[in-house]
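See structure below.
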Amino acid sequence: MKRYVYINDDNLAKDIYCDNRISNRKYTILNFLPKNIWEQFSRFMNQYFLLIACLQLWSLITPVNPASTWGPLILIFAVSSSKEAWDDYNRYLSDKKANEKEIWILRQGIRKLIQAQDICIGNIVWLRENDEVPCDLVLLGTADPQGFCYVETAALDGETDLKTRSIPSACMGIDVDLLHKIKGVIECPSPNKDIRRFDANMRLFPPFLDNDIFPLTIKNTLLQSCYLRNTEWACGVAVYTGNQTKLGMCRGIAEPKLTAVDAMIDKLTGAIFVFQIVVVIVLGIAGNVFKDKEGRKLWYVQYPKEGPWYELLVIPLRFELLCSIMIPISIKVSLDLAKSLYAKFIDWDVEMVDPETGIRSNAANQAISEDLGQVEYILTDKTGTLTENKMIFKRCCISGRFYGNESGDALTDAQLLNAVSTGSADVILFLKVMAICNTVIPVRSKSGTISYKALSQDEEALVCAAARLRMVLENKNGNILGKECPWWLGNAKAGNFSSCQKEQMKLFFLLPVLIVSGQQVRTLAEAVEQYAQLGLRTLCLAWRKLEEDEYQEWTSMFKEANSTLVDRERRVAEVCQRLERDFEILGVAAIEDRLQEGVPETIEILRKAGINFWMLTGDKMSTAIQIALSCNFVSPEPKGQLLIIDGKTEDEVCRSLERVLLTTRITESESKQDVAFVVDGWALEIALKHYRKPFTELAILSRTAICCRVTPSQKAQLVELLKLGDYRTLAIGDGGNDVRMIQQADIGVGISGREGLQAARAADYSIGKFRFLKRLILVHGRYSYNRTAFLSQYSFYKSLLICFIQIFFSFISGISGTSLFNTVSLMAYNVFYTSVPVLFSVLDKDLSERTVMQHPQILFDCQSGRLLNPSTFAGWFGRSLFHAIVVFVITIHSYAFEKSEMEEVAMVAVSGCIWLQAFVVALETNSFTIFQHLAIWGNLVGFYAINWIVSSIPTSGMYTIMFRLCEQPSYWITMILIVATGMCPVLALKYLRYTYRPSRINILQQAECFHSSGIIEPKSRSSLEKDLPSDSVYEPLLSESPSATRRSVGPAQRSDSFQSQSPPDSTHTRKDN
Amino acid sequence: MELLNHSRFTQQELPACKPILTPALVMATFIVIGITFIPIGLSHLSASENVVELVDQYDEVCIPADSPDPDVVYSKRIGYIQDETTDKTCIRTLIVPKKMKQPIFVYYQLDQFYQNHRRYVKSRNDEQYRDPSASAKTTNCEPEAQLSEGQPIVPCGLIAWSLFNDTYTLSRNDVALPINKKGIAWESDRTHKFGDNVYSKNFQNRSLIGGGKLIDNIPLNQQEDLLVWMRTAALPNFRKLYGRIETDLEVNEIIKVVIQNNYNTYSFNGKKKLVISTTTWIGGKNDFLGMVYIIVGGVCLLIALVFITVYLIKPRPLGDPSYLSWNKNPASVQ
């Protein structure tokens, strides 16, 4: 599908395409209620409660007033509807603001100020500096004579650096006045959401140039929501408007993630549901039997001789309604409230604020905090995540000479400085390449100093280093220190190659070719190897001569490829490939990327906590291994062992994989060795394709893995692989290439780092530094899991408690389905009495944060789900059964005979439940803050207050009941007895377990209480060097491993060293970060 | 924001007390419970002992049944009780076991009578009982809502319809012993739940007659037997207040009770008992609470004793990090 946009033609486009009205709203006023209700009822729980509520309307079977279900149901619905409505209203307001913004456009040749929503396709829009772009535009003219303008795309992709946009060559040199009369047609694809591509063509009508078709790329566009910077004005033609813009198409609602805890709660709910059905069937049959055997003799009940057809169903349905409270209607609301508080705690945490930037941690997804406590695998990106992504040029090797080896910094190496000052040709050439072959934008400030803005940190490091060696990049024309650079043209094109191209071969240079001797290549290859072993990022700098005719030929091919609409990327890549051959290697530059502060400690703590770490990086294998070593990923030999899976063909990979698997199996079963496997992208591709099963087994067996040279999609595949094994995965990354992995993982964490906010935006959590991850997991994740585990099981406990009492009561009421409790009590019990105190368990802390940090192993309990699983649930189930028996038996015996008035007995039973639950919450609370005391004991006071109020309303069924009860000494004696009988066994059991079978949490709690911190201090780890000493000799870790083959470097592998350290498949996008 | 930054709430650093289940605390708790519960139980038991209670089950003896075949007995009894013409007077004599101080309460007790049955307990309309203008409101009262011609029954519903109608006349040494039937219902029922100008209408006028009848020209709230009956019992065995004797009864006094045995409990094999009882601060006779208190107290003391013994035999230091599994055996870390 294509779209034709006629420039500056008001009449044509109006009806075909939508106007520029942005609408992010989900609802309109009219469809809000039906749509919202429909959405809410697509959830099973809500359907269930609605069914119950509807059944309750049938007065023959309803045990209590339908209000007891309708009330909470409507309340819950009202709460979530009003939240939705409020969000939608806010969206409407911001839409309105954007839609009514005043914009200059061209109409009938005159500039007019109109509202943004009235822009049509084909309109020419005028923007001034710092204006927001109202819709997707194709640039036609700018204030800059060369047709450049700068945009900030932060709202679109989160990257804060300025990007260059240029006008299409067709519009080059058109006068401002003439722009008012410009006419033409743009052929562009239908609206899509690819913000990195815009494959279109433009043809201007006479008198503007000829009928040539000019290619348009994303470089010629201004996309909606970007800001125009550093450019006085720019104008462009609207090609996509309203919700059809790239930004509009990108908007989507992410699939809600379900936590393991939620899944478990759903499972338990299902189990309770089955239990409920069984109870209903059993009691229903028993009820019908009793009715036929005994009920008909009860003359005062007046059973009709012949009942209606549904007579047999009446009693089971009554029990269904009676038992419907087994599934607590309040659990969803309680959990939602708790979850949003967990998220708030993460947002509020001052210990997770990046001290450098002041960026707070943010929980974008409020619903999955519990999962943080259950993480089993962390898949991490390397550059920018483990490292700072602050590149510093450290060493280089130019024509076989090493610079910076002694001092560790080439910039202070006297030899290099000397070579620069003497003007050694090789070195100067090397520096020139460093300075100009890039996409860095020099920005000259008023005082004359030049600062650089760059998308790639590597390029910035090279340009800065070159500048310090007196090779200063001054402006985009390629002026180096005032000297005109004749080869800029070629380079400019090269520099603007599609991104994939730019990354694969970082830098190259077009100059006459020299003959390369084999010896030279060998030194360079060794240099690459050596630098990589030090954990440095290496870049080869090369150049090549281009003859005039060859250049012309290539340029036309490039132009042609660049203007194709279909498959443009691939064709451009093909054309570029033609040029990228016969390079002469100038030298190797090594860039250091330092580890972030606290990375080794964080990884060590998290590994101690039983979390497996996988590193997925686009970097070279040796660099990756080195970083892995320095940040505690793998222990050094002999404790640690690295197994490499490599190979270029299927057979090789297969053999290698089998060997590694065998070794892993053996070491896993017998020794305490730390085994990690290393795999590169090519072998991974083969392994995932053909040997999925053994690879999965290996993935599960080994605690650590290093995957190098992997593409974004492979990262996502690995996450998928682990998820299929039912492991909880957390993916952490900082760049655009991690987005897919972050979205795929159970939990995505983005580092709001130097590569922009793209990852942070896609992530569920964004943090400023990698080291905050340990706090996020060990503190927030763990607390959230513990709290939710208690909250959810408690919700079931209290519902089961009251439900069991109802069931027991049915045995003494002729199995007829009578409810002991009245409507008010039932409703308030679920929604108020029992929900409020437990909500404050979100403040509970079983262990102090310090203890958890000292004993990260305590996370095992969360990971393995020890606090919420069928067996703990069975404990709560048993407790509710026991408590129900206690309350019921004591109540009916102490309120027997002349006291057995229905309302009184019911009130005694409810009071018993409330007293018991107060003590249960108190016993299960680990730390009492003032709020917990207020909630638990205040709730008891509240219970009496509410009942006194209800008891003073003459028309209520409970009139005077509570006053009568409170006057009776036997009421209070009964309460004390219920509490003592209910709690003593629980306390005794808890004490026994606490003292003689303590869980790890208990031990640490006791330790916390009895010992000063010194005693529980773990044996302090011998301090681990963050950075390896710069001149340390690399000990090959791999020599003992089965496939230990240190890559020998020789002429035969020359090409391997330089061009194909990566899979030969050229469509792979690799990014060295 | 600044406030938020440093608030102890947002940082989850609220001052908190973290109680630990130390042996001392737990043992002390159990000992305290034991020590307090046993005396409470004893005093409760003794209060219960002080209650003098006379119970006489009269349903079996007040009906002629002379057949070995239970089925025959059953049908004979039903025939007897449903025959309105026969004289159902029955005379019982009771001996006062202990001195009974006034006020002495007279109850009737029904066993196996499901006042809490779903069909029964819901079959009432409080609004009709309270409000004279709402006499046509008979919702929920089915099947005793209205006559076949459509006139509403006041008071409607199965509960009112099945009103208990045995009567007792007491005499001591041939002197009548008056039973005061005033004020036996709850005051709130008399003043609020039942209207003082609501009169019964069409009551027991259908072909099927349930229990007792009402007097049409006395307002409902003064017919206290109805009020007492309408306070449905939660248990199938229940007692309801019949009246009060306002003189003391001496030991071994013989009391003659003339019972009009009208109420049908024979269809469902229920029992009827006459209960004459005094009360104390705990109410009527109830040994259960006292017994359970003593048992719970005793068990608590026992548990405390066991805990102390175990603690002395096998002391275990709390919070020793060497118990941590990863400190014990670093290899088994997973």
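What you get for the stretch B:166-256, charging only the Cβ of Lys and Arg (+1) and of Asp and Glu (-1), is a dipole of about 420 debye around the Cα centre. Bridging of A:LYS181 to aspartates and glutamates at a Cα separation below 18 Å is possible for A:ASP9, A:ASP10, A:ASP210, once same-chain residues fewer than 8 apart are set aside. Measuring how big the stretch A:115-236 is from its alpha-carbon positions, Rg and Dmax come out at 13.6, 41 Å. Computed from label points 7 Å out along Cα-Cβ, the spacing between A:PHE275 and A:TRP972 is 3.6 nm. Here the protein assembly as shown carries DSSP beta bridges of which approximately 75% are antiparallel, counting only pairs with both residues inside.
Highest GNM mean-square fluctuation, chain B, Cα pairs closer than 10 Å: which of B:CYS141, B:CYS17, B:CYS90? Sorting by GNM fluctuation, first place goes to B:CYS17.
Distance between the C-alpha centres of the stretch A:644-707 and the stretch A:179-204: 49 Å, rounded to the whole angstrom.
Ratio of Rg to Rh for the stretch B:232-325: 1.33 [Cα atoms; Kirkwood radius as inverse mean 1/r over pairs].
The dipole here belongs to the protein assembly as shown: it is taken about the Cα centre, uses +1 on the Cβ of Lys and Arg and -1 on the Cβ of Asp and Glu, and is about 1260 debye. Taking B:PRO143, B:PRO219, B:PRO15 in turn, the Gaussian network model of chain B (Cα-Cα springs below 10 Å) assigns the largest fluctuation to B:PRO15. Between the C-alpha center of the stretch B:271-302 and that of the stretch A:210-235 there is a gap of 92 Å. Its DSSP H runs of at least 4 residues, each contributing -39,500 (n - 2.57), put the calculated 222 nm mean residue ellipticity of the protein assembly as shown at -13000 deg cm²/dmol, to the nearest 500. Classified by the C-alpha gyration tensor, the stretch B:250-299 has an oblate form. Its axis ratio a/c, with a ≥ b ≥ c, is 1.5 or above, and a/b does not exceed b/c.
Accessible surface comparison of A:ILE285, B:ILE313, B:ILE259, probe 1.4 Å, protein chains only, largest first: the order is B:ILE313, A:ILE285, B:ILE259. The simple Förster model, with R0 at 51 Å and r as the Cβ-Cβ distance, assigns A:ASN31 and B:ASN165 a FRET efficiency of 0.20. In chain B, a dipole from Cβ-located charges (positive for Lys and Arg, negative for Asp and Glu) runs towards its positive end, and of B:LEU42, B:ILE209, B:CYS90 it is B:LEU42 whose Cα lies farthest in that direction.
Working note: Debye formula, equal point scatterers on the alpha-carbon atoms of the stretch A:597-653, no solvent; log10 I(q)/I(0) at q = 0.15, 0.28 Å⁻¹ is -0.53, -1.26. Within the full protein context, the accessible area of A:GLU597 is estimated at about 100 Å² for a probe radius of 1.4 Å. A dipole drawn for chain B from +1 and -1 charges on Cβ atoms has a positive end, and of B:TYR168, B:GLN57, B:ILE303 the residue lying farthest that way is B:ILE303. The lysines whose alpha-carbon is closer than 16 Å to the alpha-carbon of A:LYS693, local same-chain residues fewer than 8 away aside, are A:LYS723. Inter-chain neighbour count for A:996-1006: the average number of beta-carbon atoms from partner chains within 10 Å of each residue's beta-carbon is 4.
Taking chain B as a Gaussian network, where each spring joins two C-alpha atoms under 10 Å apart, which residue of B:GLN12, B:GLN151, B:GLN128 fluctuates the most? Sorting by GNM fluctuation, first place goes to B:GLN12. Under a model in which nothing but the beta-carbon of Lys, Arg (+1) and Asp, Glu (-1) is charged, chain B shows a dipole of about 820 debye around its Cα centre. Normalised by residue number, the volume inside the convex hull of the Cα atoms of the protein assembly as shown is 235 Å³ per residue.
The residues A:VAL472, B:VAL72, sorted by heavy-atom accessible surface at 1.4 Å with ligands and nucleic acids left out, run B:VAL72, A:VAL472 from largest to smallest. Taking the longest Cα principal axis of chain B as reference, the axis of helix B:287-313 is set at about 10 degrees. Considering only Cα-Cα distances, which of the following residue pairs are longer than 19 Å: A:LYS193/A:LYS219; A:LYS297/B:LYS272; B:LYS122/B:LYS271; B:LYS88/B:LYS273; A:LYS2/A:LYS246; A:LYS899/B:LYS101? Correct reply: B:LYS122/B:LYS271; A:LYS899/B:LYS101. Annotation: aspartates and glutamates with alpha-carbon distance below 16 angstrom to A:LYS990 (same-chain offsets under eight excluded): A:ASP846, A:GLU924. Residues of the stretch B:272-289 buried by at least 50 Å² of accessible area upon assembly of all protein chains, compared with the chain on its own (1.4 Å probe): B:TRP281, B:PHE288, B:LEU289. Buried between A and B is an accessible area of approximately 8400 Å², summed over both sides with a 1.4 Å probe. Distance from the Cα centroid of the stretch A:18-51 to that of the stretch B:28-82 is 61 Å (rounded to whole angstrom). Against the criterion of solvent-accessible heavy-atom surface with a 1.4 angstrom probe, A:MET172, A:MET902 sort, most first, into A:MET172, A:MET902.
Note that the stretch B:18-71 carries a Kirkwood radius of 16.6 Å, evaluated over its alpha carbons pair by pair.
The values are calculated or read from the model by the stated rules, or taken from the named source; none is laboratory data. Since the structure is predicted, the reported quantities are computational estimates derived from the model, not experimental observations. Neighbour counts run over all protein chains shown; Cβ positions are idealised from the backbone, glycine included. The accessibility values were calculated without ligands, DNA or RNA, using every heavy atom of the protein model including side chains. Shrake-Rupley method; radii C 1.70, N 1.55, O 1.52, S 1.80 Å.
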